[in-house]
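Everything on this sheet refers to the single structure shown next.
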Amino acid sequence: MTAKLIKGTEIREKILSEIEKEVKEIKEKHGQVPGLVTILIGANPASISYVTLKIKTANRLGFHEIQDDQPADISEEDLLALISKYNNDDSINGILVQLPLPKHINEKKILNAIDPDKDVDGFHPVNVGRLMIGGDEVKFPPCTPAGIQEMIVRSGVETSGAEVVVVGRSNIVGKPIANMMLQKGPGANSTVTIVHTRTKDLAAHCKRADILIVAAGVPGLVKPEWIKEGACVIDVGVNRVGEKISEKTGKKIAILRGDVDFDKAKEIAGSITPVPGGVGPMTITMLMKNTLKSLKFSLGIA
Ligand code: NAP
């Protein structure tokens, strides 16, 4: 059996065109577009490339985008003042502070200073609480887990009553996706198990999974014999395992591998995400969706 590929790149394009259409309609009817500010501190090359991609996507969708670059030695006080300025700016619906921050700045303090109603990353404790309660309480599901759920739903995998096993318990992937899948409602209603480094028999848990979501950051951790025949496998892991020369640009690029032994797993699974091109492209897409949602909340049309 060869699994159906769940391609993030294709799902992303569908969602982005839905957002683009909605942005145009809201602009015509209400004269407003989603406003997103990206605050970049310093010049970390990986952060610059993430921020550039976010800005490019926001511009493509017709958002009002502000790129606010600040020096690496900005004081915590000045950064808090900047966040307060955007919290009070009605043209801004989403505030994004690119992580990691320089060591002299308390990351938690900064993220907690963002107005929860503009926290489109969904990391503020208020939004974590809203996610836990579920249903109408949820405003901004965190972007990577939201992308994972969209991929599962849009590829037609039944989640109601499904055994979902999540490998990893981080605050940005494992815990929120587990929480989202167990909620009462469409795209969820699953029976969820979370496994981690202290789990006694990882293989036995994985083998029970109708939907296996792996976010460990360990290349090839999940062996093909741990996968149930026909399961849906979502590989969140992005691991740099070497470098190669790009055929397109002639430049050095990273060789990326997921947490699942893809080549063998695809012969057992019913559907599977590749790495790269799987979950990766979904994160920025869901960030854009949250920013649009934020504008809709402020207009009272969400
Ligand atoms: P993290 O904070 O390092 O958490 C990893 C989790 O996996 C921890 O809970 C850890 O358990 C568990 N784990 C690690 N090794 C394990 C093992 N051998 N057996 C069982 N559990 C194990 O990582 P993260 O931020 O969630 O990210 C996970 C992966 O997803 C990374 O490769 C990251 O690059 C990728 N990622 C991709 C995207 C995207 O594509 N957009 C977004 C976010 C993350 P303990 O808690 O017991 O230590």
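Of I83, I301, the sequence from fewest to most neighbouring Cβ atoms within 10 angstrom is I301, I83. From the square roots a ≥ b ≥ c of the eigenvalues of the alpha-carbon gyration tensor of region 173-234, which class results: rounded (a/c under 1.5), prolate (a/b over b/c), or oblate? Here region 173-234 falls in the prolate category. Taking the chain as the reference, fit the longest principal axis to its C-alpha atoms, fit the long axis of helix 282-299 to the helix C-alpha atoms, and give the angle between the two in degrees, 0 to 90, nearest 10. So the helix axis and the longest Cα principal axis differ by about 40 degrees. The angle between the Cα long axis of helix 45-60 and the longest principal axis of the Cα atoms of the chain comes to about 80 degrees, rounded to the nearest 10. Inter-part distance, region 167-245 to region 1-69, computed on C-alpha centroids, equals 26 Å. Of the chain, which part is the longest with no trypsin sites (Lys or Arg not before Pro) in a loop (DSSP not H, G, I, E, B) and with at most 13 other C-beta atoms within 10 angstrom? Here the longest segment lacking exposed loop sites spans 1-102.
Does region 1-55 classify as rounded, prolate or oblate by the C-alpha gyration tensor (a ≥ b ≥ c root eigenvalues; a/c under 1.5 gives rounded; else a/b over b/c gives prolate, otherwise oblate)? Here region 1-55 falls in the oblate category. Each residue of region 210-225 is assigned a 3J(HN,Hα), and the resulting list reads 7, 10, 10, 10, 10, 9, 10, x, 10, x, x, 4, 8, 7, x, 6 Hz, derived from the Karplus form 6.51 cos²θ - 1.76 cosθ + 1.60 (θ = phi - 60°), x at Gly and Pro. Set against the 2.2 N^0.38 Å expectation for a compact globular protein, the chain has a Cα radius of gyration ratio of 1.02. The DSSP beta bridges internal to the chain are antiparallel in roughly 15% of cases. Placing unit charges on the Cβ atoms only, positive for Lys and Arg and negative for Asp and Glu, gives the chain a dipole magnitude near 660 debye about its Cα centre.
Pairs of lysines in region 156-283 whose Cα atoms sit within less than 22 Å of one another amount to 14, provided the residues are eight or more positions apart or on different chains. In terms of Cα to Cα distance under 23 Å, which lysines are near enough to K24, apart from those fewer than 8 places away along the same chain? Output for K24: K14, K54, K56, K118, K139, K289, K293, K296. Residues in region 253-263 carry Karplus couplings, in order, of 10, 6, 8, 9, 9, x, 8, 10, 6, 4, 4 Hz; the curve used is 6.51 cos²θ - 1.76 cosθ + 1.60 with θ = phi - 60°, and Gly or Pro positions show x.
Which residue, G122, G278, G220, tops the fluctuation ranking in a GNM of the chain built on C-alpha contacts under 10 Å? Of the options given, G220 has the highest mean-square fluctuation.
Taking Cα atoms only, the orientation of helix 143-154 departs from the longest principal axis of the chain by about 50 degrees.
Every number here is computed from the coordinates shown, using simple stated rules; none is lab data. Only a predicted model underlies this, so the values are computations on that prediction, with no experimental measurement involved. Glycine gets a Cβ as well: all are built from the backbone with ideal geometry, and neighbour counts include every protein chain shown.
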